[in-house]
Amino acid sequence: MAQKVLGVIGGSGLYAMAGMEEATWTAVEGPWGQPSDQILIGEIAGTKVCFLPRHGRGHVHSPSSINYRANIDALKRCGVTDILSLSAVGSLKEELPPGTFVLVDQFIDRTFAREKSFFGTGMVAHVPLSHPVSSWLGDICAAGMNMLDIPHSRGGAYVVMEGPQFSTLAESELYRSSGASVIGMTNMPEAKLAREAEMRYATVAMVTDYDCWHPDHDSVDVALVIKTLHENADKAKALTRFVIENINSWETAPDCGTDRVLDAALITAPEARDPAMIEKLDAVAGRVLG
């Protein structure tokens, strides 16, 4: 059985990963521009790990300026098979207070200023996204949080807003009325692109605040968010270590089809495919484009 390679995308407050053997920050070149940063590549407990700080070290990229395509392409080029995405979020539910981790299983994409697909004119593809998160990766995360005694909730929708401003009160109330659990700015189009690149994907959303809907939490305070981020960081690192140590020994992942999703997604006729597009898709779709 082929060894799984875990890609870890660190969100706000998570810019490095300790405990990796022979770890090196490596520049990964690709056709989609520059990723957020170099990728820290090493091993933990015999599993290859590729860590990418989503906002770059020092938090230099806003949610809208992140090159999501370059990030996912770079991880694919490093051999990543599975992605654990860590993301700071606001809570839309009273029962999900700051400090809670949420294993998201759905997304509502409200972004509008980002490139959302590797495919386009000259090479069109439509991948299914009804279930955007790997339940198998979620099982490993849930087991880790239970063992580590991390307050958490399994399931829930993540509203992805454009930002970088936080919500107005009217927006926050609108998002709450949808039944969504959390709100953030970064996991779309990240999850969509991971699916196009045939990699399993899971989000651990770390609640830092109640957004602005809560009567005792009138507006989002960056200082409070940073304080909670720091409190969450050690928990996130311990959880990540658990996933790394168990991903290659956990019960075999069910055949969810993610690793072969492009088999039935390409719609452009072979004779009409743009050679330049095919070249750009060498890592993402090389398996099916040859």
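The values are calculated or read from the model by the stated rules, or taken from the named source; none is laboratory data. Everything numeric here is computed off the predicted structure, so don't read it as measured data. Here Cβ is always computed from backbone atoms with ideal geometry, including for glycine, and neighbour counts include all displayed protein chains.
Some observations on this one:
- Selection from the stretch 116-154 of residues that are surrounded by 21 or more Cβ atoms within 10 Å (Cβ to Cβ) and of a type in the set (S, T, N, Q): S134
- Filter result for the condition that a residue is polar (S, T, N, Q), free of Cβ contacts under 8 Å to residues at least 12 places away in the same chain and either under 30 Å from E173 (Cβ atoms) or out of contact with any Asp or Glu (no Cβ under 8 Å at 6 or more places or on another chain) (or both), over S130, S91, S62: S130
To keep it simple, each residue is scored yes or no on (1) among the β-branched types (V, I, T); (2) under 21 Å from the mean Cα position of the chain (by Cα); (3) over 30 Å from M145 (Cα atoms).
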site	(1), (2), (3)
E198	no, yes, no
G257	no, yes, no
M277	no, no, yes
A285	no, yes, yes
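- S36 vs. criteria in a strand (DSSP E or B) and under 16 Å from N187 (Cβ atoms): no
- Answer residue from the stretch 234-276, given it is out of contact with any Phe, Trp or Tyr (no Cβ under 7 Å at 6 or more places or on another chain), surrounded by 18 or more Cβ atoms within 10 Å (Cβ to Cβ) and of a type in the set (G, A, S) and is nearest to F101 (Cα to Cα) among those: A236
- Test: V89 is out of contact with any strand residue (DSSP E or B) (no Cβ under 9 Å at 6 or more places or on another chain) and closer than 22 Å to G184 by Cβ: no
- Scanning the stretch 225-268 for residues that are without any contact (Cβ under 8 Å) to a residue 40 or more places away in the chain and of a type in the set (A, V, I, L, M, F, W, C) turns up just one, A264.
- Residues that are in contact with a Pro (Cβ under 6 Å, 6 or more places away or on another chain) and either among the polar types (S, T, N, Q) or more than 22 Å from T168 (Cα to Cα) (or both) do not occur anywhere in the stretch 256-277.
- Which listed residue is more than 30 Å from T228 (Cβ to Cβ), of a type in the set (D, E) and touching a Lys or Arg at 6+ places or on another chain (Cβ under 6 Å), from E29, E115, E43: E115
- I72, sole failed condition from (1) outside any loop (DSSP other than H, G, I, E, B); (2) within 19 Å of I244 (Cβ to Cβ); (3) out of contact with any strand residue (DSSP E or B) (no Cβ under 6 Å at 6 or more places or on another chain): (2)
- The stretch 110-126: number of residues that are of a type in the set (A, V, I, L, M, F, W, C) and over 20 Å from T268 (Cα atoms): 2
- Qualifying position, being small (G, A, S) and surrounded by fewer than 22 Cβ atoms within 10 Å (Cβ to Cβ), among G11, G7, G56: G56
- Against the test of being small (G, A, S) and farther than 28 Å from L75 by Cα, the options G179, G144, G138, G184 yield a single qualifying residue, G179.
- Failed item in (1) modelled with pLDDT under 95; (2) aliphatic (A, V, I, L, M); (3) buried (at least 17 other Cβ atoms within 10 Å of the Cβ), with A18 passing the rest: (3)
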